[in-house]
Amino acid sequence: MNSIALIAPYEAMAEIAKEICEEFEKPITIEVGDLQEGLKKARLLVEKGIEVIISRGGTANLLKNELAIPVVEIQVLAYDILEAFRKIPNKSQKIGIIGFGNVICGSRKLGEILDLDLVILTISKEEEVSQKIGEATEKKVGIIIGDKVVVSHAKELGYPSMLIESGRESILQSFHDAHKILEVVRSEQGAKNELERKVKERTAELVKVNELSHEIEEQKQTEEALRKSEELASRLAEENSIMAEIGRIISSTLNIEEVYKLFSERVRELIPSDRVVINLIDFKENTVTVPYVEGIFIPGRQSGDLLPLAGSVTERILNTPKGFILQMEDESEMSAKIPGFLPEFRSGLRSALTVPLISRDQVIGALALRSMKSGAYTDRDLRLAENIANQIAGAIANAQLFLEREKLIQELQDALAKIKALRGLIPICASCKKIRDDKGYWGQIEVYIRDHSEAEFTHGICPECLKKLYPGLYPDDT
């Protein structure tokens with residue numbers, strides 16, 4: 001019997017999960033069931049020995065309230081909601097979003113960015129769905145998007161609907177989180193079992209040999225070991241909570257500049273640092289851009305700056321590609337190894353931790369943490385930073401694509417605004433050849449053409465006019 005189970009609210013999620021399981025090398029039991037049906041199946045699995053359950057949306061909330069075992073929630077990313085918007089054929093109609101708060105989080109900001117007419121209705125339990133669909137009808141909503149329970153109710157009422165589906169990355173991340181939590185649960189249970197065993201053994205020995213003081217000391221040591229185990233479990237739980245918050249923050253909007261300060265604060269809670277930077281690689285120009293910076297100021301290394309890829313930390317990440325920790329103590333040694341580090345060293349930074357940002361098997365940049373303290377980072381910090389980078393790389397890649405698209409649209413709009421063309425009927429005097437403009441004024445033909453096109457004029461006199469204007473200089477040949 002497996003120790004982890006997924007309760008998928010809809011069949012398509014179960015199919016994606018089965019594909020992931022084949023690559024994941026760690027078996028996970030998969031069942032399909034939404035809300036009460038999912039709860040029923042989850043209880044049966046718990047009776048059979050399941051220790052951790054994965055689910056999404058309202059089903060995840062219900063399982064958390066009803067079960068005594070840990071429940072890992074599959075995060076609904078901004079990209080998942082964006083994909084649902086993309087599938088709507090008529091985006092000019094009024095769109096209703098109905099769902100639990102953990103499913104529709106961030107949809108309002110996406111609607112503003114995409115200029116969609118949204119009606120957002122939040123539910124806290126299944127019984128509210130029909131009421132919210134009624135409110136959507138009153139507000140002239142053309143189509144409803146939401147999770148499984150919302151879409152099922154909408155179809156029963158004959159209402160057009162679209163399911164918000166979780167992507168492969170979200171499901172895979174939940175699998176990783178579930179296995180981490182399972183390790184913590186088993187570690188804690190093992191410590192408790194070991195404590196109970198030792199207490200029983202020592203109590204029996206105390207009765208026999210009356211070595212009370214010695215046994216009490218050993219019991220204290222066992223209790224101390226249990227306390228440390230519980231502290232470790234608590235710390236891991238806190239780390240998982242912050243990691244989930246980081247994922248929610250970075251995926252809540254396609255404009256990462258809006259949330260980067262908050263993201264940086266959460267990263268510093270896990271890994272204390274004086275500077276947090278995201279670098280992105282421009283493969284065409286062979287350069288590195290610095291789109292996001294938080295922390296101490298370094299000239300030439302701030303947001304918007306452009307750096308050569310050669311000799312940089314990001315180049316080392318690209319060539320490896322693995323995260324690394326570097327202690328910066330000697331300037332000459334630093335200059336020989338990675339000359340791109342020198343501005344940071346001269347700004348007082350002494351410890352560097354850098355990990356790759358990988359999206360679709362391609363290194364797109366690096367997450368860089370810096371500290372003014374020597375020996376500030378450990379292997380544990382490196383593993384945490386790699387987990388953070390894995391969680392945010394996809395969202396950053398999507399954000400960059402969105403920004404490039406917006407820039408291209410603006411450039412096209414600017415270019416169109418500069419285009420001038422002459423078309424239609426143009427009023428021209430039959431005698432003097434002046435042209436009447438849109439305001440009714442008559443002006444020279446060259447002025448009109450210059451103002452309504454990209455053409456410029458230079459003046460001269462044709463041979464025929466020379467003869468008329470200067471007959472003495474240019475007599476008639478006849």
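The values are calculated or read from the model by the stated rules, or taken from the named source; none is laboratory data. This one's a predicted model, so the numbers in the text were calculated from it and none came from an experiment. Cβ sites come from the backbone with ideal geometry, for glycine too, and all protein chains shown count toward neighbours.
Residue-wise test of (1) in contact with a Lys or Arg (Cβ under 8 Å, 6 or more places away or on another chain); (2) within 20 Å of Arg380 (Cβ to Cβ); (3) of a type in the set (S, T, N, Q); (4) crowded, with 18+ Cβ neighbours inside 10 Å.
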{"site": "Pro321", "(1), (2), (3), (4)": "no, no, no, no"}
{"site": "Ser335", "(1), (2), (3), (4)": "no, no, yes, no"}
{"site": "Pro339", "(1), (2), (3), (4)": "no, no, no, no"}
{"site": "Glu344", "(1), (2), (3), (4)": "yes, no, no, yes"}
{"site": "Ala352", "(1), (2), (3), (4)": "yes, yes, no, yes"}
{"site": "Ile358", "(1), (2), (3), (4)": "no, no, no, yes"}
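The residue of region 269-290 that is surrounded by the fewest Cβ atoms within 10 Å (Cβ to Cβ), among those that are in contact with a Gly (Cβ under 9 Å, 6 or more places away or on another chain) and free of Cβ contacts under 8 Å to residues at least 40 places away in the same chain, is Thr289.
Condition check for Ala237 on (1) at pLDDT 70 or above; (2) under 27 Å from the mean Cα position of the chain (by Cα): one failure, at (1). Output yes when any residue across region 174-191 is aromatic (Phe, Trp, Tyr), assigned to a helix (DSSP H, G or I) and surrounded by 18 or more Cβ atoms within 10 Å (Cβ to Cβ), and no when none is. The answer is yes; a qualifying residue exists. Identify, from the list Gly300, Gly304, the residue that is without any contact (Cβ under 8 Å) to a residue 24 or more places away in the chain, closer than 21 Å to Lys261 by Cα and under 27 Å from the mean Cα position of the chain (by Cα). Answer to the selection: Gly304. Taking the listed residues Ser359, Ser374, the one that is farther than 29 Å from Asp177 by Cα, in contact (Cβ under 8 Å) with a residue 24 or more places away in the chain and out of contact with any Pro (no Cβ under 6 Å at 6 or more places or on another chain) is Ser374, with no other qualifying. Does Arg108 satisfy being within 23 Å of Glu11 (Cα to Cα) and not aliphatic (A, V, I, L, M)? No; evaluated as a whole, the condition is false for this residue. Among the numbered conditions (1) in contact (Cβ under 8 Å) with a residue 40 or more places away in the chain; (2) touching a strand residue (DSSP E or B) at 6+ places or on another chain (Cβ under 8 Å), the only one that Gln75 does not meet is (2). Among residues of region 13-40 that are touching a residue at least 12 places away in the same chain (Cβ under 8 Å), those with a Cβ under 6 angstrom from a residue that is surrounded by fewer than 14 Cβ atoms within 10 Å (Cβ to Cβ) and assigned to a helix (DSSP H, G or I), sequence gap 6+ or separate chain, pair up as Ile16/Arg168; Val32/Glu11; Leu39/Glu66.
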